[in-house]
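Notes to accompany the following structure.
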Amino acid sequence: MGWRLITKKEANLLDIIPGSHIGNIQDYHRHRYKQGIPEGVKDLPPGVALPLESNLAYMNGISFTKGCYIGQELTARTHHMGVIRKRLLPVQFSAPLPLENIPEGAEILTESGKSAGKFRAGGDELGIALLRLANINEPLCLKMPGDKVKLTATIPKWWPKTAGK
């Protein structure tokens, strides 16, 4: 995800990390959408988002050796069985989205109209969505009031090579 630094105000960041790029908050969100990284309650709704579907194990955000946390039994059982049918994935839309018109958890459909998942967050032509892995190679679209916007999903390069199966 890049670097975050705490420095003195007068420090030249490009001297500290040569070849780096200093971005703003929009750059940060575009980068995390491209990587499929969730952040906050909009991307990880409390009581709805599951840690394994949200790729938290890939980010070392889940301990399978430490005991006593909420949802531990379900998370451990799912992990050890190796069957995770949905994952949070980066998506790219065919056109920039009018974000103010997208209902929270808007449905994503296959070409045949079957539910493939739900939109979580995004900006412009990028976003993240919880999608069924079985549908990610099919033509997909985001269902919006009075319209449908085509999208494509990708598996991030940083995922382990056995992921997405």
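The values are calculated or read from the model by the stated rules, or taken from the named source; none is laboratory data. Note that the structure is predicted; figures quoted are calculated from it, not measured. Glycine gets a Cβ as well: all are built from the backbone with ideal geometry, and neighbour counts include every protein chain shown. Heads up: the accessible areas ignore ligands, DNA and RNA and are worked out on the full protein's heavy atoms, side chains in. Shrake-Rupley method; radii C 1.70, N 1.55, O 1.52, S 1.80 Å.
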Item to check | Hydrodynamic radius (Kirkwood) for the stretch 103-146, which is based on Cα pairs only, to one decimal in Å | outcome: 10.6
Checklist entry - In square angstrom, rounded to the nearest 10, how much accessible surface does ARG77 have for a 1.4 Å probe? => result 130
Checklist entry - Among all stretches of the chain without exposed chymotrypsin sites (Phe, Trp or Tyr not before Pro) (DSSP loop, at most 13 other Cβ atoms within 10 Å), which one is longest? => result 70-157
Checklist entry - Say we join alpha carbon atoms closer than 10 Å with springs in a Gaussian network model of the chain; which of GLY47, GLY23, GLY117 then has the biggest fluctuation? => result GLY47
Item to check | Using a Förster distance of 30 Å, the FRET efficiency for PHE64-VAL41 (Cβ separation, nearest 0.05) | outcome: 0.75
Item to check | Neighbourhood charge, 11 Å Cβ-Cβ cut-off, centred on GLU39 and excluding it, Lys, Arg +1 and Asp, Glu -1 | outcome: +2
Item to check | Centroid-to-centroid separation of the stretch 88-138 and the stretch 1-25 [C-alpha atoms, Å] | outcome: 33
Item to check | Label-point separation, ARG85 to SER20 (7 Å along Cα→Cβ), nm | outcome: 4.4
Next on the checklist: Here are a few candidate values for Cα extents along the principal axes in Å: [x] 116, 30, 25; [y] 56, 44, 29; [z] 64, 36, 23. Which one was actually calculated from the structure I just gave you?
Outcome noted: [y]
Item to check | Accessible surface of the chain [probe 1.4 Å, protein heavy atoms]: carbon and sulfur percent | outcome: 55
Checklist entry - Which FRET efficiency, nearest 0.05, do LEU50 and SER94 yield, Cβ-Cβ r, R0 25 Å? => result 0.30
Checklist outcome for this item: Here FRET efficiency (C-beta to C-beta, TYR28 to GLU107, R₀ 25 Å, nearest 0.05) is 0.35
Item to check | Rounded accessible area per residue of the chain, 1.4 Å, Å² | outcome: 66
Item to check | Computed helical MRE - 222 nm, the chain, DSSP H runs ≥ 4 contributing -39500 (n - 2.57), nearest 500 | outcome: -4500 deg cm²/dmol
Next on the checklist: Only Cα pairs within less than 10 Å get springs; with that Gaussian network setup on the chain, which residue of ILE17, ILE102, ILE62 has the largest fluctuation?
Outcome noted: ILE17
